[in-house]
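Accompanying notes for the structure given below.
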Amino acid sequence: MPKLKTKRAAAKRFKATGTGKLKRAKAYKSHILTKKSTKRKRNLRKAAITDQTNIKNMKKVLPYL
């Protein structure tokens, strides 16, 4: 069986945790920040865990992660 290629765009956006879950950055933090509250922007800084419904697709695009 041939080697599988990793989707590089996904590899830049996701990192594996020690337990094998996928860590990602939250969206809505890049622009139009003046109307967002300080509390909301602070919470957007924190990393999030990829939802269970997306794990199957993520394993396809990141076969070696």
Note to self: Rounded to the nearest percent, how much of the accessible area of the chain (1.4 Å probe, protein heavy atoms only) is carbon and sulfur?
What the structure shows: 55
Note to self: Just checking my list (1) 14.8, 52; (2) 11.8, 36; (3) 13.3, 45 against Rg and Dmax of the Cα atoms in Å computed from this structure; which label fits?
What the structure shows: (1)
Check: Among the lysines, which fall within straight-line cross-link reach of LYS12, defined as a Cα-Cα distance under 19 Å, with same-chain neighbours fewer than 8 residues apart omitted?
Finding: LYS21, LYS23, LYS26, LYS29, LYS46, LYS56, LYS59, LYS60
Check: For the chain, what is the accessible area per residue in Å² when the probe is 1.4 Å?
Finding: 89
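The values are calculated or read from the model by the stated rules, or taken from the named source; none is laboratory data. All figures in this text were calculated on a predicted structure; none of them were measured in a lab. We work out accessible area using only protein heavy atoms, side chains counted, and drop any ligands, DNA or RNA first. Shrake-Rupley method; radii C 1.70, N 1.55, O 1.52, S 1.80 Å.
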